[in-house]
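Engineer: Input: one structure, supplied below.
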Amino acid sequence: MRAAALGILIAGLAMVGVLAGCGSGDSGVAGSLGGSESAGAGYVDWPLFGRVPARTHYLPMQNRALDPPLKQAWSINTHALIEFPPAIHDDVAYVINKYGNGKAVRLRDRKILWELNVRPSDKGKPNFVTGPVYYRGAVYGAFLAGNLVAEDARSGKKLWVRHLNGHLESSPLAVDGKLYIGTDTANVLALRASDGKTRWSFNAPGAIKASPSYHDGNVFVADYQSSMFALDAKTGKPVWRTNTSKVPPYGQGGFFSSPAVGFGRVYAARDDGTVYAFDEKTGKVEWSFDAGGYVYGSPAVADVPGTPPSVYIGAENGRFFALDARTGKPRWRYDVGGPIPGTATVIGHTVYTSSFKTQETTGLDARTGKRAFHIKQAGYTPMVSDGKRLFLVGYYDLIGLEPAKR
């Protein structure tokens, strides 16, 4: 995703403020796809929406316990819609529902360390939240009404607030002491994480609804008028711009899908269903693929053993695709049975997706496309992991999964 709710879906895409752990800024392919700062004792942080700054939505196999079969062990009800999955830092998951009610949950015993209640911005209406980030002891969350908020991760105490003069549907990204975020007033901002002071600003032709991604010194961000940008992370100066409405297959569509970076390419989908691969250094379109239906989720990119480098993405027509990351040709396709509103994640050998029509989350073997797991719980970005356990985000619920007998 991209990051936030599309206009026609915004009622449904009421954002979860997932208070996420910061990821590695590793510039290598391995680091961009799966690298992350370890939480200790063999655990791995799920740092932010997408898990790493390149937003690959991928966690390589840590042990066989990550693969199905799985069974439900426990659940915590947040009493309202959640969209973004909880981010996990040092055995604590931070999750918040659309009304701004958040919990810091210690995962080993499900103890609630603190709770957060952010007053809705408009007389009890949902206070939509994008996917926040954990960074250097603070949690950063963006609210639709325009506030970017920093809070102490240990206590939930507010540290600072910046009003960014526009709606925020973009999830913030934290790298090298800066926060990067887009606004619907077409600005991409780099803010100092310690106090929210603006370091640079870039004005795009269209609104920024997608979330920025980072790799190898550049910030990648797409606007809602068909363009993808690479910006120098230190200065905000454009490195390249590609207006997809002016290159084959042409057409018009906005980017609601947040870029994923891997294998020397930047991957994202326009909302009209066209999936693109851009050369990371030049912005040249290397391939495009028509998913046959609207796409609102972001691609996951992974190099699962036994597969070629692949892009995983679903569409509103219910079709879920594994595409060869080098050519864009489908490796396999699976019919989920209903519209796919969100972003897949790849954990171990399994890719997870969901549909609210079926009220089900499905796990597909990344190598074959065959169903390996299903559970009667649906979510926008349904699955995350700490490297040893899996956690599913249902409509209202955070659910702990554990290995079932094989």
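The values are calculated or read from the model by the stated rules, or taken from the named source; none is laboratory data. What you see is a predicted model; the values in this text were computed from it and never measured. Virtual Cβ from ideal backbone geometry, glycine too; neighbours counted across all protein chains shown. Ligands, DNA and RNA are stripped out before the accessible areas are found, and what is left, the full protein with its side chains, is counted by its heavy atoms. Shrake-Rupley method; radii C 1.70, N 1.55, O 1.52, S 1.80 Å.
Engineer: Could you order peptides 345-354, 180-189 by the average number of other Cβ atoms within 10 Å of their residues, highest first?
Structural biologist: Peptide ranking by packing, descending: 345-354, 180-189.
Engineer: Using a simple spin-label model with points 7 Å from Cα along the Cα→Cβ vector, what separation in nm is obtained for K246 and K357?
Structural biologist: My value for the distance between the label points is 3.7 nm.
Engineer: Summing -39500 (n - 2.57) over the DSSP H runs of n ≥ 4 in the chain and dividing by its residue number, what mean residue ellipticity at 222 nm do you reach, to the nearest 500 deg cm²/dmol?
Structural biologist: Result for the chain, helices only: -500 deg cm²/dmol.
Engineer: Mind ordering 145-154, 73-82 by average Cβ neighbours within 10 Å, highest first?
Structural biologist: 145-154, 73-82
Engineer: For segment 149-284, compute the number of Lys pairs whose alpha carbons are separated by less than 17 Å, excluding pairs fewer than 8 positions apart on the same chain.
Structural biologist: Lysine pair count for segment 149-284: 8.
Engineer: Which one of D45, D176, D272 has the biggest mean-square fluctuation once the chain is modelled by GNM with Cα springs under 10 Å?
Structural biologist: Between D45, D176, D272, it is D176 that shows the largest mean-square fluctuation.
Engineer: State the percentage of accessible surface on the chain attributable to carbon and sulfur atoms; use a 1.4 Å probe and exclude ligands, DNA and RNA.
Structural biologist: Carbon and sulfur together cover 47 percent of it.
Engineer: Can you list, bin by bin at 5 Å, the percent of alpha carbon pairs in segment 42-83, starting at 0?
Structural biologist: 5, 14, 17, 19, 27, 15, 3
Engineer: Further, regarding this structure: For segment 222-256, state which trypsin sites (Lys or Arg not before Pro) are in a DSSP loop and have at most 14 other beta carbons lying within 10 Å of their beta carbon.
Structural biologist: Those that pass, being in a loop and sparsely packed, are K234.
Engineer: Something else: Efficiency by 1/(1 + (r/R0)^6): what FRET value for K237 and N165, r their Cβ-Cβ distance, R0 = 25 Å, to the nearest 0.05?
Structural biologist: 0.65
Engineer: Highest GNM mean-square fluctuation, the chain, Cα pairs closer than 10 Å: which of S288, S227, S155?
Structural biologist: For the chain, modelled as a Gaussian network with Cα springs under 10 Å, the answer is S155.
Engineer: Ignoring everything but the protein chains, give the 1.4 Å probe accessible area of H167 in square angstrom, nearest 10.
Structural biologist: Surface open to solvent at H167 totals about 90 Å².
Engineer: Using 0.36 nm per residue of separation minus the Cα-Cα distance, give me the extension gain between K281 and K111 in nm, one decimal.
Structural biologist: Gain on extension, K281 to K111, equals 56.6 nm.
Engineer: P(r) for segment 273-365: what percent of alpha-carbon pairs falls in each 10 Å bin, starting at zero?
Structural biologist: Taking all Cα pairs of segment 273-365, the binned fractions are 17, 51, 27, 4, 0 percent.
Engineer: Would you look at the GNM of the chain, springs on alpha carbons closer than 10 Å, and say which of G292, G387, G100 moves the most?
Structural biologist: In this elastic network of the chain, the residue with the biggest mean-square fluctuation among G292, G387, G100 is G292.
Engineer: While we're here: Suppose we take every Cα in segment 164-240 and form the convex hull; what volume per residue is that in Å³?
Structural biologist: Taking the convex hull of the Cα positions in segment 164-240, it is 74 Å³ per residue.
Engineer: Below 13 Å, Cα to Cα, which aspartates and glutamates can K370 reach? Residues fewer than 8 away in the same chain don't count.
Structural biologist: D335
Engineer: How do 131-142, 193-204 rank on mean C-beta neighbours within 10 Å, highest first?
Structural biologist: 131-142, 193-204
Engineer: At 4 °C and a viscosity of 1.567 mPa s, what translational diffusion coefficient does Stokes-Einstein give for the chain, taking Rh as the Kirkwood radius over Cα pairs? Give it in µm²/s as a whole number.
Structural biologist: Diffusion coefficient, whole number: 64 µm²/s.
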